[in-house]
Amino acid sequence: MSALRQLTNWAGNYSYQAKKLHRPSTVEQLQEIIAQAAKVRVLGSRHSFNGIADSDELITLAELPHDVTVDRLAATVSLSANMTYGQLAEALRPERVALHNLASLPHISVAGAVSSGTHGSGDTNGNLATAVSSVEMVTSSGEIVRAARGHSEFDGLVVGLGAVGAVTRLSLDVEPAYEIRQRVFEGLAWDSLFEHFDEITAYGYSVSLFTTWGPTVDQVWVKSRVTDASEHVAADLFGAVATTVETHPILGLDPINCTAQLGRNGLWSDRLPHFRVGFTPSSGEELQSEYLVPRRQGIAAIESVRALADRLRPLLQVSEIRTVAADHLWMSPQYGRDTVGIHFTWEPDQAAVERVLVDVEAALAPLEGRPHWGKVFLAGADATAPLYERQPDFVRLIQRLDSRAAFRNPWLEKHVLGA
Ligand SMILES: Cc1cc2nc3c(=O)[nH]c(=O)nc-3n(C[C@H](O)[C@H](O)[C@H](O)COP(=O)(O)OP(=O)(O)OC[C@H]3O[C@@H](n4cnc5c(N)ncnc54)[C@H](O)[C@@H]3O)c2cc1C
C-alpha cells in the first residue's frame, strides 16, 4: 500500500481524492483489503474523464498475475479482469480467436471498459460488455461472487459502474479470428448522410463518422470483415471520396498513431481500434463527452447538435458518430435500444466544456440522450434515472451486495443514485 500524491486520470482533468493506493498481489489480499476499508474502489487504467473511479482508498489490480484461458467448446476466454484489451489481443493471437469488437483504443482495461459500458461501432455489434459471459468479483464483505449469463442478476452486475464489487475475472465470448480492412472516405455531404443513414452505417462491420460540424462530415471510417460478401473497393461512398493516404481522425495529426487504412487486410485487433497499441490514442491533450440516443432519434440528434456548431467549434477537436446494437444490461447506455452515439473530443478546458455541455444536454435530453458514464457530463441522477428502466433494480442490487456502501462514491451518488 502507498500514500497517494496527485494521482490523476489519463487526461489529467481529474485528481483522485483517495489517500491510499493498495496493490494486492493475490485475491486473498484483495478480499482482506476490501473487507477492512470503509470506502474503496478499484481503479482500471484511469481512462475515464470523471470521478467514477474515485474513493477514499483505491486498489490497483496490476500486481495480480495475468492469466488467459480459452475454452474452445464454450467459445469463451477467461481472463484476469485488469488486463488491457491490447494485452488480451496479444494472448488471443496464437489461439486464433477474436472478440466481436473493440473500442477506439486498446489501452483500456477490460474490467474498466465493461464496468462503464464502453463501446465500439457497428449496427449489429453490442457494446464491449455484451461479450461478457461470466463474472467473478469480490463484494464489500470480502466474499467472492460468481455469476454467469442467465443468472437473474447477471445483467445488473456486468455494467456495474464499479459499485457492485471488485471484478477479478471475466469470461468473454470469442469467435474464430477474422481479418478486417479499413477504408476512409472524405467529404460526405450532410444531405447524403441523412438520406442514406442506414446504408452508410451498414456499409461495413464497424463504421465511424468524424466531423467538426462544418459543411460536410469530414471522414467516414469503414471497417469491413474480409469475409464480408460486400467488398468495399468503391472509389466513393455516396459522394465521399476514398482517401489515398493514411489519415488521423483529428485533421492535421500524425496518422502514425492510427491503425492501417487504405484497404490493407489485417487482424481484427489491428484494425477495429482507430489507435495503435504503444502510440498516443486520440490527440492525448483532450477531454471527451458522449451521448447515446435511440437510433430512431439519431438524425434528429445529429441535426440538433449541428445547430450548435458555432458554439461547439472553438472547443472541439472532433466529433465521432457511431452506432451500437441494443442489449439487456441494466445500466448499459444501449439498454433496450439500438443506439447512435454522438461523441465530442474537446480541447482540455473543463470549465468551458461544462458550459457548452449545458447546451448539448438541453438539445439531447428531449431525445433521451444517455451520457457515457466514463466521460464528462453534467446530468444528475434526476435526469439519468428516468432513462434507465432497470435503475431501481440496480439500486436494490448494490444495496444487497454492498449493504455497507463501501463502493459508493460522490460520482455514483450524484449521477446515478440521487438523494
Ligand atoms: C483516448 C480515449 C479513447 C476512448 N475511446 C472510447 C471508445 O471508443 N468507446 C467508449 O465507449 N469509451 C471510450 N473511452 C472511455 C473509456 O473506455 C472508459 O472511460 C473506460 O471506463 C476506461 O476504462 P478504464 O480501465 O480506464 O477504467 P477507469 O477509468 O479506471 O474506471 C472506470 C470504472 O470502472 C471501475 N473498475 C475498473 N476496474 C474495475 C474492476 N476490476 N472491478 C470493478 N470495477 C472496476 C472503476 O471503479 C470505475 O468505476 C475512451 C477514453 C479515452 C481516454
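Computed from the coordinates by the stated procedures, all read-outs in this text should not be read as laboratory data. Because the structure is predicted, anything quoted here is derived from the model rather than measured. Please note: Cβ atoms are built from the backbone with ideal geometry, for glycine as well, and neighbour counts cover all protein chains shown.
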field: Set Leu262, Leu253: member being in a loop (DSSP other than H, G, I, E, B) and surrounded by fewer than 16 Cβ atoms within 10 Å (Cβ to Cβ)
entry: Leu262
- request: Taking Glu186 as the residue in question, decide whether it is under 25 Å from Gly117 (Cα atoms) and either touching a residue at least 40 places away in the same chain (Cβ under 8 Å) or among the aliphatic types (A, V, I, L, M) (or both).
  value: no
- prompt: For the range 23-61, how many residues meet the condition of being in contact (Cβ under 8 Å) with a residue 40 or more places away in the chain, among the polar types (S, T, N, Q) and closer than 18 Å to Ile108 by Cα?
  reply: 3
Members of the range 368-387 found to be touching a residue at least 40 places away in the same chain (Cβ under 8 Å) and surrounded by fewer than 19 Cβ atoms within 10 Å (Cβ to Cβ), listed by number: Glu368
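To keep it simple, each residue is scored yes or no on (1) closer than 24 Å to Ala98 by Cα; (2) touching a residue at least 40 places away in the same chain (Cβ under 8 Å); (3) touching an Asp or Glu at 6+ places or on another chain (Cβ under 9 Å).
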| position | (1), (2), (3) |
| --- | --- |
| Val167 | yes, yes, yes |
| Arg181 | yes, yes, yes |
| Phe194 | no, yes, yes |
| Phe197 | no, yes, no |
| Tyr203 | yes, no, no |
| Leu209 | no, yes, yes |
| Val226 | yes, yes, yes |
| Asp236 | no, yes, no |
statement: Okay, strands (runs of 3 or more DSSP E) sitting entirely in the range 118-237 with 1 or more residues that are under 21 Å from Asn82 (Cα atoms), I get 132-138, 144-148, 166-173
- prompt: Across the range 151-206, what is the number of residues that are crowded, with 18+ Cβ neighbours inside 10 Å, of a type in the set (Asp, Glu) and within 30 Å of Gly51 (Cβ to Cβ)?
  reply: 1
query: If the Cβ limit is 6 Å and pairs must be 6+ apart or interchain, which residue in the range 314-338 that is part of a strand (DSSP E or B) pairs with which residue that is of a type in the set (A, V, I, L, M, F, W, C)?
result: Gln317/Ile250; Val318/Phe210; Val318/Ile250; Ser319/Phe344; Glu320/Phe210; Ile321/Leu209; Ile321/Ile342; Thr323/Val340
task: Residues being near the ligand (Cβ under 10 Å from one of its atoms), in contact (Cβ under 8 Å) with a residue 60 or more places away in the chain and either more than 17 Å from Arg271 (Cα to Cα) or surrounded by fewer than 23 Cβ atoms within 10 Å (Cβ to Cβ) (or both): count how many of those fall in the range 83-103.
output: 1
query: Does the range 310-325 hold any residues that are surrounded by fewer than 16 Cβ atoms within 10 Å (Cβ to Cβ) and touching a Ser or Thr at 6+ places or on another chain (Cβ under 8 Å), and which are they?
result: Arg313
